[in-house]
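Here the structure comes first, spelled out in structure tokens, and everything after it is commentary.
The values are calculated or read from the model by the stated rules, or taken from the named source; none is laboratory data. From a predicted model like this one, the values you see are computed outputs, not experimental measurements. Counting neighbours? That spans all protein chains shown, and the Cβs are built from the backbone with ideal geometry, glycine included.
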Amino acid sequence: MRILILGSTGYLGGHVAGRLRALPGVRLLRGGRAPGDDQRIDLATCTLDGLAERLVKAAPDAVVNCAGAVGGGTPHLAEVNARGPAVLCAALAAALPTARLVHLGSAAEYGPAGVDERTPEDAPARPVTPYGATKLAGTLAVLESPLDALVLRVTSPVGPGAPPAGLPGRLTAELSRAVARTPHGTVKVGDLSAHRDFVDVRDVARAVALALALPGRLPRLLNVGSGRAAPVRDLAHGLVRAAGFTGELLETPGPADRGTVVPWQCADITAAEWELGWRPRFSLREAVTSLWASDGAPAARVGSR
């Protein structure tokens, strides 16, 4: 099976690529802008005809789109998260209409939810950030295409390689620097009062692999999360414990803190369990421990020499 993965150098894409590369009988092709990619593909700028030509040349049986942007301004978010999937769907329909497409969406597409509620796939999408709105536009392009396509709407991923744009990666880096200086200092964070549905990146990668392997048409949209809401403080204090940091974690919420905009996130993952035979295997504690062991501990050791 030939699988083309887009965005393999990103956070989720790297984990998905690692999972797929280890599967027997899989030939993994990488599409992107990085040196060594098998196909030069930039969804933000490519033309429909040019992308179709590259897809014909690669001739994949399936395509996984992990390409996405979380920052860089609204125009950049729109180019990558909205235009990219739309052009990809149109090019696939023209060049490889029988290939399966698995696209990674985001729970940010849903927007606010009621406390203690689990959000199902048919809940209204009411994003409140440019990121969520542009990701929703990309998801709609996939859902409205004629392709054998599936969107996996991922909640808040945690694990090795977490980018500094999000709390897990940023706090890991700050704790690593703090421990290298002194374990009794102060680390400032924003508002930790929100609840998030944290899911281990390894579980996300496994969901993608299952979505590619199962025969027949699958539902167009499935939530991928832990199915439970945890206080963001649980993640923060889990990293503190993993780091051996004995100083103070000082909350300094700002007026535009995102946690106050969407205070509760929890996905209903019943459909993914039923359709994919998938359930998350890793707890938040295991995800945090893995994140620190991979990204925090090495930097702390180097800094303490």
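Overview of results
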| item | result |
| --- | --- |
| Filtered residues of the range 233-254 (kept if more than 20 Å from R181 (Cα to Cα), surrounded by fewer than 21 Cβ atoms within 10 Å (Cβ to Cβ) and at pLDDT 95 or above) | R233, D234 |
| Any chance H195 is surrounded by fewer than 19 Cβ atoms within 10 Å (Cβ to Cβ) and either without any contact (Cβ under 8 Å) to a residue 24 or more places away in the chain or in contact with a strand residue (DSSP E or B) (Cβ under 9 Å, 6 or more places away or on another chain) (or both) | no |
| Which listed residue is modelled with pLDDT of 95 or more and either surrounded by fewer than 23 Cβ atoms within 10 Å (Cβ to Cβ) or basic (K, R) (or both), from R181, R206, R177 | R206 |
| Residue that is farthest from L239 (Cα to Cα) [pool: residues in the range 257-305 that are surrounded by fewer than 21 Cβ atoms within 10 Å (Cβ to Cβ), of a type in the set (V, I, T) and at pLDDT 95 or above] | T270 |
| Sole exception among (1) part of a strand (DSSP E or B); (2) touching a residue at least 60 places away in the same chain (Cβ under 8 Å); (3) not small (G, A, S) for L23, by number | (1) |
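Yes or no, residue by residue, for (1) among the basic types (K, R); (2) in contact with a His (Cβ under 9 Å, 6 or more places away or on another chain); (3) without any contact (Cβ under 8 Å) to a residue 24 or more places away in the chain; (4) crowded, with 17+ Cβ neighbours inside 10 Å:
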position	(1), (2), (3), (4)
G114	no, no, no, no
T119	no, no, no, yes
D122	no, no, yes, no
P127	no, no, yes, yes
A137	no, no, no, yes
V151	no, yes, no, yes
V154	no, no, no, yes
V158	no, no, no, yes
